[in-house]
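Peer 1: Dropping the structure in here first, questions after.
The values are calculated or read from the model by the stated rules, or taken from the named source; none is laboratory data. Note that the coordinates shown come from a computational prediction; the quantities given were computed from them, not determined experimentally. For neighbour counting, all protein chains shown are included, and Cβ atoms are generated from backbone atoms with ideal geometry for every residue, glycine included. For the accessible areas, the whole protein counts, side chains as well, though only heavy atoms, and no ligand, DNA or RNA atoms are used. Shrake-Rupley method; radii C 1.70, N 1.55, O 1.52, S 1.80 Å.
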Amino acid sequence: MNTHRHLAASLCAAAIMLVPTLSAHAQDRELGAGGLLLDGVAAIVDEGVVLKSELADRLDLVMKNLEKAQAEMPPEERRSLPPVSIIEQQVLDQLVLREIQLQRAGRAGITVSDDMLNEALSRVAESLGYTLEEMPAVLAAQDIDYAMYREDSRRDLIVERLEQRDVIQGIAITPRELEECLVDSESSASDAFDYNISHILIGVPANAAQQDLDNARQRIDEIHARLVAGEDFARLAVAVSQAQTALEGGSLGWRKGAQLPTLFADTVIRMQPGEFSAPIPSAGGYQIVRLNEMRGAERMMVDQAHVRHILLRPDEILDDAAVQQKMRDIRAQIVRGDDFATVAQAVSVDAASAAEGGDLEWLSPGDTVPEFEEAIAALPLNELSQPIKSRFGWHLAQVLERRSYDTTDEMKRTQCARQIRAAKAEEERELWLRRLRDQAFVDIRK
């Protein structure tokens, strides 16, 4: 039930520029003897075509944008534009490629519903300071046909979803790439944080024999075991540490990330407040470091709910009112003692959760549609809801647990994965487009 969360960059750019749609130039086409607009085929592309009118409209738009960009540049930076014939060929290549992508998306069953499109256009309207309802008038003031604008936007989103499926999801990220990204991000982020740390040292002589090293290792392992068993770090440091800081409970005080001792800097930046390290070998012996506090670090905490649900939706047999009544009957059945999970497996049309007894696992804010999220937010623990109406149908829901969950590390991994995919995406996209073009039948007719 995750909502649609991405928007093609070209859609936003088009909205900001308020570019004319293809229909805006229809009056420039020639009329035939019967008064009908004449059109022709610029290219045959597999089962479809690119019309000459499409090519002319898009070329006109591109030329206007190029000329506008030139006019806004300082005179000394302006360069003459390429010949129109060159630009026209590039535009035609883009239209051909777009037609290939749309046909591929159609064969794959990729669609964009009106709800998804409205969500995308609402975000565009909001970025411009309008509501979705105001957009038709705003566009009309710029001679832009709203219906055509919607369909062009729908095609943009379809192509975006196709690229997500064929390109982005296929980009492999190795464990080593992810680990290197996490290390880099933690190292660079650590400089902005303050760390309050303590340590325990078991030292060895300058020219220690192997027996001295073995004895020191044995002692530090015993100290580590006592810490694991729950002994207080500061008290233990006073008793056993051979460092100058022993009487202060091993405290090294507050240090900036860049000022952390090199010996255990990489260890500290991966720790959570209250954690202590495994024994760390050093030139002077063995140490254990503890992160007492951390300033400047913002942990990403979210309130989550562990939810299960049953979903029914209207069909050709049951209308909306009938489904709502059926949900009331199912609720009464469960209240009388029937097992929720068993009923969910038998009747819920949400196949993924039904197989798990209706379990949606832990949900964070934004994971579900607003109407469902609002209902479960107000639901007491273990109480069975009344039927809840959403765009997906009718639900019965139950909140099993609530928690405040630290998503910091998950977010870091997600951000690193996104960065790695983005770094690889452009090259992968170009290879993918080249394959699509090579595999398609294209006959240029212009």
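Peer 1: Once the Cβ-Cβ distance between ARG434 and ARG313 is put in as r, and R0 is 56 Å, what FRET efficiency do you end up with, to the nearest 0.05?
Peer 2: 0.85
Peer 1: Where Lys and Arg each count +1 and Asp and Glu each count -1, what net charge lies around ALA225 among other residues with Cβ under 12 Å from its Cβ?
Peer 2: That works out to -1.
Peer 1: Can you tell me which aspartates and glutamates have their Cα less than 15 Å from the Cα of LYS64? Leave out same-chain residues fewer than eight positions away.
Peer 2: GLU72, GLU88
Peer 1: Additional query: What percentage of the solvent-accessible surface of the chain, computed with a 1.4 Å probe over protein heavy atoms, is contributed by carbon and sulfur atoms?
Peer 2: 51
Peer 1: Next question, about the same structure. Work out the charge dipole of segment 352-407 with +1 on the Cβ of Lys and Arg and -1 on the Cβ of Asp and Glu about the Cα centre, then indicate which of PRO370, GLY358, THR407 is farthest towards its positive end.
Peer 2: PRO370
Peer 1: Of all the Cα-Cα pairs you can form in segment 116-230, what percent are over 16 Å apart?
Peer 2: Percentage above 16 Å: 79.
Peer 1: Using alpha-carbon pairs under 8 Å, 6+ residues apart, how would you state the relative contact order of the chain in percent?
Peer 2: 19
Peer 1: For GLU356 and GLU231 in one chain, what is 0.36 nm times their gap in residues minus the Cα-Cα distance, to one decimal in nm? Provide the component values of the computation, followed by the final result.
Peer 2: Details: separation 125, 0.36 × 125 = 45.00 nm, distance 4.25 nm.
That works out to 40.7 nm of additional length.
Peer 1: Can you tell me the orientation of helix 114-127 relative to the chain, as the angle in degrees between its alpha-carbon axis and the longest Cα principal axis, to the nearest 10?
Peer 2: The angle comes out at about 80 degrees.
Peer 1: Suppose we take every Cα in segment 300-375 and form the convex hull; what volume per residue is that in Å³?
Peer 2: 111
Peer 1: I've got another one for you. Under a straight-distance cross-link criterion of Cα-Cα below 28 Å, which lysines are reachable from LYS68, leaving out those fewer than 8 residues away in the same chain?
Peer 2: Partners within reach: LYS52, LYS446.
Peer 1: Also, quick follow-up: Rounded to a whole number, what is D in µm²/s for segment 240-386 from Stokes-Einstein with the Kirkwood radius over alpha-carbon pairs (25 °C, 0.890 mPa s)?
Peer 2: D = 120 µm²/s.
Peer 1: When the scattering of the chain is computed by the Debye formula from its Cα atoms alone, each counted once and equally, what is log10 I(q)/I(0) at q = 0.07, 0.10 Å⁻¹?
Peer 2: Values, matching the q order: -0.65, -1.01.
Peer 1: How big is D, in µm² s⁻¹, for segment 361-446 by Stokes-Einstein at 10 °C and 1.306 mPa s if Rh is the Kirkwood radius over C-alpha pairs?
Peer 2: It diffuses with D of about 90 µm²/s by this estimate.
Peer 1: Moving to a separate point now. What does the charge count near HIS199 come to, summing +1 for each Lys or Arg and -1 for each Asp or Glu among other residues with Cβ under 11 Å from its Cβ?
Peer 2: Overall, the nearby charge balance is 0.
Peer 1: Of THR131, PHE193, LEU51, which is farthest along the charge dipole of the chain in the positive direction, counting Lys and Arg as +1 and Asp and Glu as -1 at C-beta?
Peer 2: Selected residue: PHE193.
Peer 1: Next up: Which value, in debye to the nearest 20, describes the size of the charge dipole of segment 284-339 about its Cα centre when Lys and Arg Cβ atoms bear +1, Asp and Glu Cβ atoms bear -1, and nothing else is charged?
Peer 2: For this selection, approximately 400 debye.
Peer 1: For the chain, what is the calculated [θ] at 222 nm in deg cm²/dmol (nearest 500), taking -39500 (n - 2.57) for each run of four or more DSSP H residues and dividing by its residue count? Don't skip to the answer; put the middle values down first.
Peer 2: Numbers: 15 runs with 210 residues, N = 446.
It lands at -15000 deg cm²/dmol.
Peer 1: Can you list the lysines whose alpha carbon is less than 18 Å from that of LYS326, not counting same-chain residues fewer than 8 positions off?
Peer 2: In chain and number order, the partners are LYS389.
Peer 1: How large is the direction-averaged shadow of the alpha-carbon convex hull of segment 258-317, in nm²?
Peer 2: Orientation-averaged projected area of the Cα hull: 8.6 nm².
Peer 1: Give me the net charge for the shell around GLY285: Cβ to Cβ below 11 angstrom, other residues only, Lys and Arg +1, Asp and Glu -1.
Peer 2: +1
Peer 1: Mind pulling the per residue volume of the convex hull built on the Cα atoms of segment 80-163? Å³ is fine. Spell out each step's value before the answer.
Peer 2: Details: hull volume 11.6 nm³, N = 84.
Convex hull of Cα atoms, per residue: 138 Å³.
Peer 1: Could you give the size of the charge dipole of the chain about its Cα centre, using +1 on the Cβ of each K and R and -1 on the Cβ of each D and E, expressed in debye and rounded to the nearest 20?
Peer 2: 600
Peer 1: Go through TRP362, TRP432 and list them by solvent-accessible area, largest first, probe radius 1.4 Å.
Peer 2: If we order TRP362, TRP432 from most to least accessible, we get TRP362, TRP432.
Peer 1: Would you kindly calculate the translational diffusion coefficient of segment 297-446, applying Stokes-Einstein with the Kirkwood radius from alpha carbon pairs, for 25 °C and a viscosity of 0.890 mPa s, and quote it in µm² s⁻¹ without decimals?
Peer 2: Details: Rh = 18.6 Å.
Answer from the Stokes-Einstein relation: 132 µm²/s.
Peer 1: For LEU363, enumerate residues with amide H under 5 Å from its amide H, sequence gap 5+ or separate chain, H modeled in the peptide plane.
Peer 2: When sequence neighbours closer than 5 places are left aside, the close amide H contacts are ALA305, HIS306, VAL307.
Peer 1: Right, something else. Would you mind classifying segment 201-246 by shape? Square roots of the alpha carbon gyration tensor eigenvalues, ordered a ≥ b ≥ c; an a/c under 1.5 is rounded, otherwise it is prolate if a/b is larger than b/c and oblate if not.
Peer 2: Oblate, because a/c is 1.5 or more while a/b does not exceed b/c.
Peer 1: Mind jotting down a quarter of the surface of the convex hull over the alpha carbons of segment 107-155, in square nanometres, one decimal?
Peer 2: Values: hull surface 14.6 nm².
It is 3.6 nm².
Peer 1: Further question: Could you provide, to the nearest whole Å², the per residue accessible area of the chain with probe 1.4 Å?
Peer 2: Spelled out: the 1.4 Å probe surface of the chain, per residue, equals 56 Å².
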